[in-house]
């Protein structure tokens, strides 16, 4: 009987150890920190319309040990014209109104993507943590500087065509040249590690991460988020960050994951990302900010900008206004 008890104890201990190892291998925080320790730029793929990627990033930053691992948070949702404003708001004790700070994400190329409350909450969290901690994290606004008051349709089109190289220049200037540790928060399609053929484009798309990898191979660590109907069957629990490899069960051909990928793509998920993040939900129902809903001057400005942006973006603006006016 004593022998059986000992065997049972050993089996139970082995199972618990294996489970803890598995959990550690899929732990979000530890994997991001490991990549940062290896001097890699950590690129987190965002899902527009979902709050879960950014909410998880806020949780990561809230942990003091994680906070110490980085110097910069580089974001797609920021107009570099307001970099000085961002620095003053987040790194000094100046009393700046959040109404002024909102220009950072409202005056961008694809401003409709940033109307969700979670982006404002991220900036407010950075403000809080920088004001209470000795180590400071800078918010780097990656989108090239532009002035919406003078922007023409031709200007918008030119900026839209060159934005990946614009992101690269910003990251090189603020992060790479200064050898700073950084997390990059960009829409997921901007985080591919190699060229990908998009169904609506004739030539391969070179994302900012592709450009960084071409500049210095192996310099990035990228996180691809779960998306609705990506056909990646997973028994992993929510919040798991699963390493990808050629032999991974999650390593599906891109063309099978979404109609946005051209069928001519011969590459798989592990070719363009280092890890797959299991979201709590793949629904895109993030709450809009109260400021966006209640600011009639902003609604008027949206109507004006609809005459400048692409037809697809203009349609999105008019649809949004019809629902929220």
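Any read-out appearing in this document is the output of simple, stated calculations on the displayed coordinates, not a laboratory observation. Small disclaimer: the values here were computed from a predicted structure and weren't measured. FYI the Cβ positions are ideal-geometry reconstructions off the backbone, even for glycines, and counts take in every protein chain you see.
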Practice task
Once you have a ≥ b ≥ c as the square roots of the Cα gyration tensor eigenvalues for the chain, tell me rounded if a/c is under 1.5, and otherwise prolate or oblate according to whether a/b is larger than b/c.
Solution key: prolate
Fill in the blank from the handout: Note to self, the chain gives a 222 nm [θ] from helices alone (DSSP H runs n ≥ 4, -39500 (n - 2.57) apiece, / all residues, nearest 500) of -12500 deg cm²/dmol
Exercise for the section: Post the alpha-carbon centroid distance, region 37-63 to region 231-267, in whole angstrom. Expected result: 19 Å
Exercise for the section: May I ask you to derive the relative contact order of region 115-273, considering only C-alpha pairs under 8 Å and at least 6 residues apart, and to give it as an integer percent? Expected result: 18 percent
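Let me check against my output: what whole-number percent is the relative contact order of region 29-132, with C-alpha pairs under 8 Å and at least 6 apart? Display every interim value, and only then the final one.
Working: 70 pairs, mean separation 30.8, N = 104.
Once normalised by length, the contact order is 30 percent.
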Fill in the blank from the handout: Check: C-alpha center region 159-216 vs C-alpha center region 69-104, spacing in Å is 21 Å
Exercise for the section: May I ask you to compute the full-extension gain from residue 248 to residue 215, defined as 0.36 nm times their residue separation minus their alpha-carbon distance, rounded to one decimal in nm? Expected result: 9.1 nm
Exercise for the section: Over the chain, calculate the relative contact order: mean separation of alpha carbon pairs under 8 Å at least 6 apart, over the residue count, as a percent. Expected result: 23 percent
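Would you mind ranking 77, 186, 261 so that the residue whose beta carbon has the fewest other beta carbons within 10 Å leads the list? Working shown, then result.
On the way: 77 26, 186 22, 261 18.
So the ranking, lowest neighbour count to highest, is 261, 186, 77.
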Handout entry: Global geometry of region 110-158, whether rounded, prolate or oblate, following the gyration tensor of its Cα atoms and the 1.5 cut on a/c
Key = prolate
Completion exercise
Candidates 258, 235, 281; GNM for the chain (alpha-carbon contacts under 10 Å) flags as most fluctuating 235
Problem - Where Rh is the Kirkwood radius over Cα pairs, Rg/Rh for region 129-231 - result: 1.01
